[in-house]
Every structure is written in C-alpha cells, then in structure tokens.
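This is the structure, below, for whatever I ask next.
Every number here is computed from the coordinates shown, using simple stated rules; none is lab data. It should be emphasised that the depicted structure is a prediction, and the values quoted were computed from it without experimental measurement. For neighbour counting, all protein chains shown are included, and Cβ atoms are generated from backbone atoms with ideal geometry for every residue, glycine included.
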Protein chains: 2
Amino acid sequence: MNMRKLVGRNFARLRKESGLSQEQVAERADLTQQYISGIETGKRNPTIETLYAIAKAFGVSHVELVLPDGHDD
Amino acid sequence: MNMRKLVGRNFARLRKESGLSQEQVAERADLTQQYISGIETGKRNPTIETLYAIAKAFGVSHVELVLPDGHDD
DNA sequence: GTGTGACTCAGAGTCCGTA
DNA sequence: ATACGGACTCTGAGTCACA
C-alpha cells in the first residue's frame, strides 16, 4: 500500500468532482498550489492535520482521502 | 476536530481492546514505547505513512485510526 | 507501565520562478 | 490551470535518560 499515491488519487478524484481548481483548494486550505500539486502526484507525505485541512477545504471527510481503492500500489 | 487527539484516542482504545501494553506494541512495530506514548497522548502529528505503519504493525486498518468518534475536540 | 524534555536529522511546507 | 526545481524555515521521525 503506497499511502502517498493512494491519497493523491483520492484527492485528485474528489477535487475534480467538486469542480474546484488546485489554486482554489490551496487558498481555502491555506496551503500553496505547488504543495497541493505535490500531494496529488504522490510526491508529498502530508500529516494527519494537513489531511484534515485539505479534506475540509472542499467539503469531504478526511476518511475518504485514505480509503483504499483497490489499486494497491 | 483535533486530529492528533482523535488518532490518539482511537489508537489507545484499540490497543487496550487488544490487551497489549505500549511496550508490547512498540516491540511489534519496531518503535519505542515513548513514541507510542506520544501518539496516544496527542502530542505527535504523524504523517500518513507513519499512520499506516503503526496501524499495520498493530493489525488494524489505518482507516480505523482516523474514524471520528463523536468526541469532536 | 506511561509520560516528558531534549536531542539529531530528514522531510513537511513555503516562496521564487518557470514551463 | 498544473507541475517542476532550488533554496529556505520549521516541524515530524525516532531516540535516550529520566521522572
């Protein structure tokens, strides 16, 4: 289980469903667009507090961001 | 939602249900008792990879460690 | 059997620019 | 609108001695 990639996939999918851009999410979560990009591409290893902040930023539960999706990489 | 305390409560509860001491969990997870203590007391802000590591070492899903419990602090 | 403070070092997260 | 890179600061990872 690659947690970075799992969170990245979940995040990118949910964000797109919400219709928000990385820039908009970054502003709401008080983070940078570059950092959001790093999360979605699986390069970053966010803390649980950051996870919660970004989940809240587009109105989903932080639990959804860590739910396994069968990809298993 | 205080994520540190939430994870701490979840971890402590699951650990006690299993009947193991912090020392025993630490040994299984190849970590120190002090580190486990820091998680349970909400002093640490673990990354998602650390979260996954301790969950796995303890035999529960990482999802269980972040599930809200109604405490809301 | 558990919690605290101090520690080293790697990485979280920033800002700049750029493509 | 997104991703990459360097240089930067601050905090998390993980430990030890001790309360």
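When you go through (1) touching a Leu at 6+ places or on another chain (Cβ under 8 Å); (2) part of a loop (DSSP other than H, G, I, E, B); (3) surrounded by 16 or more Cβ atoms within 10 Å (Cβ to Cβ) one by one for A:Pro68, which number turns out not to apply?
Only one criterion is unmet by A:Pro68, namely (3).
Look through the range B:30-69, keep the residues that are of a type in the set (Asp, Glu) and within 16 Å of DNA strand C (Cβ to nearest atom), and return whichever of them is farthest from the other protein chains (Cβ to nearest Cβ). Let's see the steps before the verdict.
Here is the first cut: in the range B:30-69, the residues of a type in the set (Asp, Glu) are B:30, B:40, B:49, B:64, B:69.
Restricting the remaining residues to those that are within 16 Å of DNA strand C (Cβ to nearest atom) gives B:40, B:49.
Working: B:Glu40: 14, B:Glu49: 5 Å.
Among them, the one singled out is B:Glu40.
Now a separate question. Any residue in the range B:20-49 that is touching a residue at least 40 places away in the same chain (Cβ under 8 Å) sitting within a Cβ distance under 6 Å of a residue that is near DNA strand D (Cβ under 8 Å from one of its atoms)? List the pairs, counting only those 6 or more apart or interchain.
B:Arg44/B:Gly38; B:Asn45/A:Thr47; B:Asn45/A:Glu49
Among the numbered criteria (1) more than 28 Å from A:Lys5 (Cβ to Cβ); (2) surrounded by fewer than 16 Cβ atoms within 10 Å (Cβ to Cβ), which single criterion is violated by B:Ala12?
Only one criterion in (1) more than 28 Å from A:Lys5 (Cβ to Cβ); (2) surrounded by fewer than 16 Cβ atoms within 10 Å (Cβ to Cβ) is unmet by B:Ala12, namely (2).
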